Amino acid sequence: MTAEKIIEKINKDSEKEVAQILNDAKKQANSILNNAKKDANSEAKKIISEGKKQEENLRKILLSKANQELKRDVMNAREHIIEECFTKAHHELSILKGKKYEEVIERLVKNGCAKIEGKCNILSSRKIDREIAKKLGLEVIGRVETAGGVVIKSSDNKITLDYTFDGILKHKKDEIRRKVGKLLFS
């Protein structure tokens, strides 16, 4: 064989080998690319799945916060309405006059004196309270600054009952609040 034929055969063999190497490299590149695509798709699915979980958790948190705010707003509105009821009741009691006022005070004084079970004295808030006390045979020992009602004291000053309208509303506030709440919001 001549040198030219040997060179030609080496060139052909080299070209075949280069073609084979290129073909193998393309196959390997395609395999790497396909694996990378699979990995990327898998990673993308994981990221999307995690994103959906985070979105759902965030949605639940936001919904829970919104529900809590709504409940707080409703409670505040109810409390405001109940406070308005107390204000209105206090106003109505403070302008109570005449026969109706006299009946209320007489009932309160009799009830208070029965609880004390002994001699009672009265602190009055209005002039009519003194007349009621005289009518019931009780001594008025002073005056109390309030919208209406009386303070009843035992003769030894050991027992004091606050039957002023302010006092009654204050002492019965929780009980009244529950009843008003049930009436208005049940």
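The values are calculated or read from the model by the stated rules, or taken from the named source; none is laboratory data. These figures come from a predicted structure and were not determined experimentally. Methodologically, a virtual Cβ is constructed for each residue, glycine included, from the backbone with ideal geometry; neighbour enumeration extends over all protein chains shown.
Miscellaneous remarks
- Residues in region 147-179 that are closer than 19 Å to residue 95 by Cα and among the polar types (S, T, N, Q): 164 only.
- Condition met for residue 66 (surrounded by 10 or more Cβ atoms within 10 Å (Cβ to Cβ), in a helix (DSSP H, G or I), at pLDDT below 90 and not charged (D, E, K, R)): no
- Of all residues in region 83-103, those being part of a helix (DSSP H, G or I) and either touching a residue at least 24 places away in the same chain (Cβ under 8 Å) or among the hydroxyl-bearing types (Ser, Thr, Tyr) (or both) number 9.
- Considering region 134-160, and only residues there that are outside any loop (DSSP other than H, G, I, E, B) and in contact with a Cys (Cβ under 9 Å, 6 or more places away or on another chain), the residue that is surrounded by the most Cβ atoms within 10 Å (Cβ to Cβ) turns out to be 152.
- Flag if residue 58 is aliphatic (A, V, I, L, M) and outside any helix (DSSP H, G or I): no
- Any hit, region 71-90, residues being more than 27 Å from the chain's Cα centre (by Cα), modelled with pLDDT of 85 or more and either in the same structural domain as residue 136 (by TED's automatic domain parsing) or closer than 30 Å to residue 154 by Cβ (or both): yes
- Checklist (1) closer than 30 Å to residue 75 by Cβ; (2) modelled with pLDDT of 90 or more applied to residue 177, failing item: (2)
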